[in-house]
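Written out below as structure tokens is the structure these notes cover.
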Amino acid sequence: MTRGIDFCWTAGAARRQGKRVASAFVLILSALFGLFPLSAAMVSGVELASDRITLRFDDPVEGASAFLLDGPTRIAVDVGGARAGVANASGGIVSQIRQGQYSPSTARVVFDLDRPAVVTDGEFAADGRSLTLSLQPVSTTAFSLAARKARQSFWPPFGFRSTPRPSARNNVTVPLDPPAGRDRPERPRVSGAHGSNRPLVVIDAGHGGHDVGALSADGARREKDAALAIAKAMRDELVESGRVRVALTRGDDRFLVLGDRREIARRLKADLFISVHADSAPNPNARGATVYTLSEVASDRVAAQLAAKENKADVLNGVDLGSANNDVSSILIDLAQRETMNVSSSFAALLQREMSPMVPFKSEFHRFAGLIVLKAPDVPSVLLETGYISNEDDLKLLFSEDYQHDIAVGVRRAVEAHFARRLAQR
């Protein structure tokens, strides 16, 4: 079951009007709080037939992509430049439909299938207001194999889309390099153990510059300051250990777009990437550390909201991540990404094990989210939420040198155990 998105399930006619009212209310609130713009098109309807699915929008959209999910069999469609609506329909081979807002600018529609089928083709209407997907029933084995392949992309006619079309259809693109015409961030200084054969750990202090991050209840304390202080403490502890090399993405109060933080680690050929943050919640009693690793579908609503909050920084800074793409082999990227995600999850468990004697963790300490800074396909990456700046007790700890040192010691122990394990495996 897909988690991390608020889905509208297919329901009977008696509940439909209530859902429409609730959805409209959510859309207005979300627009007011910046989750996605009211100007985005809405998924206004879905039509089903035995061999096709047609999605309709009230305005032209930027494009769409479809991919398969196995266990149970589902077809998921991400629509760029759109917000989710309410589509109550079933028919053909579709047993039910769910819609959710996957990101501030992307609506996701999931079709649960009563028998396996794959998407063989897709085409937008001339006005960019509808997308028809052609379906072909297949065996269970064939569906499982197809689910491992890359997603298919579909693009409306040139006059009805706001983003440039790739040079070839169905290419797999991964946002790795900065957009053309924008200077790369300066290469940070690497310190610590001498010799290029030592593992390199890149530590990323979240936020910075005009992006202050979360604030304390009285507004006096800022997440960006806590993150930088903790990142420096981690660096100093790792340098003192003499076993690894260390670099900071930022060593002062400057802003870096999220993609650049990840790219710094890739350019340095880092062996591990740790992004440092402090959490925030409306509930002032929420406290404890959490570790996030990459997942295309966030593990729960909290993770999805965090992804939207953190990823939004680049959008607010006016950076078009969609223009920063490298065409790559889908198979190689898939294999590299899966291996990287496995290593990241293993390190997340080590972090909790080594830090928990000194640093309190939430009971569900490991969560998954589609965070931009974690998307390097070849660098194991984690995002460490060191505590809640919205909680008075955690707030005092986050700005305490003793607590910052405790975090650093736990991270150092986890890093040493991680590379010892990797060495033993090799």
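When each of ARG56, ARG83 is tested for being assigned by TED's automatic domain parsing to the domain that holds ALA126 and surrounded by fewer than 19 Cβ atoms within 10 Å (Cβ to Cβ), the lone residue that passes is ARG56.
Does at least one position in the stretch 401-415 carry a residue that is in contact with a helix residue (DSSP H, G or I) (Cβ under 7 Å, 6 or more places away or on another chain) and either charged (D, E, K, R) or modelled with pLDDT under 95 (or both)?
yes
Restricting attention to the stretch 195-244 and to residues that are in contact (Cβ under 8 Å) with a residue 40 or more places away in the chain and of a type in the set (Val, Ile, Thr), the residue that is farthest from VAL415 (Cα to Cα) turns out to be ILE230.
To keep it simple, each residue is scored yes or no on (1) more than 18 Å from the chain's Cα centre (by Cα); (2) of a type in the set (Gly, Ala, Ser); (3) assigned to a helix (DSSP H, G or I).
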site	(1), (2), (3)
ALA229	yes, yes, yes
ALA233	yes, yes, yes
ALA247	yes, yes, no
LEU256	no, no, no
ALA270	yes, yes, no
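Can you pull out the residues in the stretch 218-249 that are under 10 Å from ALA205 (Cα atoms) and surrounded by 21 or more Cβ atoms within 10 Å (Cβ to Cβ)? Selection gives GLU223, LYS224, ALA226, ALA227, LEU228, ILE230, ALA231, LEU248, THR249.
Among the residues of the stretch 200-215, the ones that are over 21 Å from the mean Cα position of the chain (by Cα) and surrounded by fewer than 20 Cβ atoms within 10 Å (Cβ to Cβ) come to 3 in all. Residues that are part of a strand (DSSP E or B) and either outside the structural domain of GLU62 (by TED's automatic domain parsing) or among the aliphatic types (A, V, I, L, M) (or both) within the stretch 112-161 comprise LEU113, ALA117, VAL118, VAL119, LEU131, LEU133, LEU135, listed in sequence order. Being more than 12 Å from VAL118 (Cβ to Cβ) and either under 18 Å from the mean Cα position of the chain (by Cα) or crowded, with 20+ Cβ neighbours inside 10 Å (or both) is the filter here, so list the residues in the stretch 70-79 that pass it. Listed by number, the residues that qualify are ALA76, VAL77, ASP78, VAL79. Per the listing VAL382, VAL373, the residue uniquely in a helix (DSSP H, G or I), out of contact with any Cys (no Cβ under 8 Å at 6 or more places or on another chain) and surrounded by 22 or more Cβ atoms within 10 Å (Cβ to Cβ) is VAL373.
Is the stretch 3-25 home to any residue that is at pLDDT 50 or above and either within 23 Å of ALA369 (Cβ to Cβ) or assigned to a strand (DSSP E or B) (or both)? No - not one qualifying residue is present in the stretch 3-25. Of all the listed residues (ALA107, ALA49, ALA87, ALA41), the sole one being modelled with pLDDT under 90, more than 27 Å from the chain's Cα centre (by Cα) and aliphatic (A, V, I, L, M) is ALA49.
If we scan the stretch 380-392, do we find a residue that is among the aromatic types (Phe, Trp, Tyr) and under 17 Å from LEU200 (Cα atoms)? Checked the stretch 380-392: no residue is among the aromatic types (Phe, Trp, Tyr) and under 17 Å from LEU200 (Cα atoms). Candidates in the stretch 253-312 are the residues that are modelled with pLDDT of 85 or more and basic (Lys, Arg); of these, the one that is surrounded by the fewest Cβ atoms within 10 Å (Cβ to Cβ) is LYS269.
The values are calculated or read from the model by the stated rules, or taken from the named source; none is laboratory data. Keep in mind that what you see is a predicted model, and the values were worked out from it rather than measured. Glycine also receives a Cβ, built like all others from the backbone with ideal geometry; neighbour counts cover every protein chain displayed.
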